[in-house]
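Data first, discussion second: the structure below is written as structure tokens.
The values are calculated or read from the model by the stated rules, or taken from the named source; none is laboratory data. Bear in mind the structure is a predicted one, so any value in this text is a computation, not a measurement. Quick reminder, even Gly has a Cβ in these numbers, built from the backbone with ideal geometry, and neighbours come from all protein chains shown.
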Amino acid sequence: MVDTVSFIRTDEQVMLADTMREFLASSADLDRVRDASLTADAYFSDVWQGLAEMGIIGLAIDEQYGGAGYGFEELAVVFEELGAMVTPVPLLSSVMASTAIAAAGSAAQKADLLPRIAAGECVATMAVFEDAHDDGTATPTVTAVVGDEGWVLTGTKRFVTDAPNADLFVVSALTHNGIGLFLVWRALEGIDVRLVSSLDATRPLGEVVLEGVTVPDDAYLGHAPDPKAIRRALDAGVVAMASEQVGGARACLEASVDYAKTRYQFGRQIGSFQAVKHMCADMLVAVEHARSVAWHAASTIDDPVESQISVPLAKSVCSDAFVKAAGDNIQIHGGIGFTWEHDAHLYFKRAKADSLLLGSVDSYRDRLADALGM
């Protein structure tokens, strides 16, 4: 088990946060994000390439596979800044997919795919969910049977993050030997990727319909079932998203405080009213609580015992904090907070959508209760 967790960022992590903040401020401002939310496949390809050049996409990928070899604490720093700007890039999807490949893939598969993902040359995502109540690890209805030229996959995956922009899908399927993961390239015949309308248009979701798609034998990750890799990949996504939620909540708090200082009613700053003071104070407490929980999850994700508690706790606490901060941000801004021209709705939509993404908060609370023996 992890003995201690330091909640103080190192000088290197502070520099990473500053670099990310400056890069996003200059290349992915909120006006541009709002425009992207009107498109079918919100995706800043130039920002994605910039992140690749900075080594961000491969930050937690092993150096032998073209990554930087850092841990989830550094990823947490990156995702907090991405969340603060609601940046439409497929990093969450890539982290999950690369984690699954690293956990279940053969040496050859890892050597082939992970460097391409780290370089931003291949946008990869996980395709494991099939209905709204699925936790991603249930027995899939998508099947994989042995065919003349490899494996034949049939079925539908839903709620696939960044599906409209993905080149590669890591698909869970039921084989004669259990649940396995398969590498399915978008260009293969028989794949139909359908955009799904969602509340948060800055993170496009899609359905992946597999109509007898044939993949070669070496598309089977690890050439054996490894359902633990699915849980590992989803936990990586939850931990990354928790820090992203902290960033979004932080941005809502900062916007609320700034507005409360400059908006006057009855000859006074609205921040001088007790109700607004209390709302901002409660928001601050929620944000700081969420930050500590998210950081603890990032620090303990590699601990098989501690992560059983820290990961579902992060999903629960950070989702609640973001939803509260996004809602209070609208309340403090009053009428203008409900308008399209204001940024508040971008955060509120992201907060509500994130609370359901990768499994509902309730399902993670159930998981937490099980881990605690309750």
Please work out if residue 58 is small (Gly, Ala, Ser), modelled with pLDDT of 95 or more, more than 21 Å from residue 206 (Cβ to Cβ) and not in a loop (DSSP other than H, G, I, E, B). no
Of residues in the stretch 193-219 being among the hydrophobic types (A, V, I, L, M, F, W, C) and more than 19 Å from residue 39 (Cα to Cα), the one surrounded by the fewest Cβ atoms within 10 Å (Cβ to Cβ): 209
Pick from the stretch 180-192 the residues that are surrounded by 14 or more Cβ atoms within 10 Å (Cβ to Cβ) and aliphatic (A, V, I, L, M): which of them is farthest from residue 137 (Cα to Cα)? 188
Those residues of the stretch 117-143 which are under 18 Å from residue 176 (Cα atoms) and without any contact (Cβ under 8 Å) to a residue 60 or more places away in the chain amount to 138, 139, 140, 141, 143
In the stretch 280-310, how many residues are in contact with a helix residue (DSSP H, G or I) (Cβ under 7 Å, 6 or more places away or on another chain), within 14 Å of residue 257 (Cβ to Cβ) and among the β-branched types (Val, Ile, Thr)? 1
Out of 130, 81, I need the residue that is of a type in the set (Asp, Glu) and at pLDDT 95 or above. Which one? 81
Are there any pairs with C-beta distances below 8 angstrom linking a residue in the stretch 225-236 that is in a helix (DSSP H, G or I) to a residue that is of a type in the set (Val, Ile, Thr) and surrounded by fewer than 18 Cβ atoms within 10 Å (Cβ to Cβ), with the two at least 6 apart or on different chains, and if so which? 227/137; 230/137; 231/137; 234/137
Taking into account only those residues within the stretch 264-302 that are farther than 21 Å from residue 245 by Cβ and surrounded by 15 or more Cβ atoms within 10 Å (Cβ to Cβ), which is modelled with the highest pLDDT? 276
Of the conditions (1) under 28 Å from residue 78 (Cα atoms); (2) among the acidic types (Asp, Glu); (3) not assigned by TED's automatic domain parsing to the domain that holds residue 318, residue 217 clears all except one; give me its number. (1)
Total residues in the stretch 360-370, condition farther than 7 Å from residue 312 by Cβ and among the aliphatic types (A, V, I, L, M): 2
Residue set 84, 104; condition out of contact with any Phe, Trp or Tyr (no Cβ under 9 Å at 6 or more places or on another chain), within 15 Å of residue 247 (Cβ to Cβ), among the hydrophobic types (A, V, I, L, M, F, W, C) and assigned by TED's automatic domain parsing to the domain that holds residue 29; output residue 84
So, in the stretch 312-326, of the ones that are more than 15 Å from the chain's Cα centre (by Cα) and crowded, with 19+ Cβ neighbours inside 10 Å, which residue ends up farthest from residue 255 (Cα to Cα)? 313
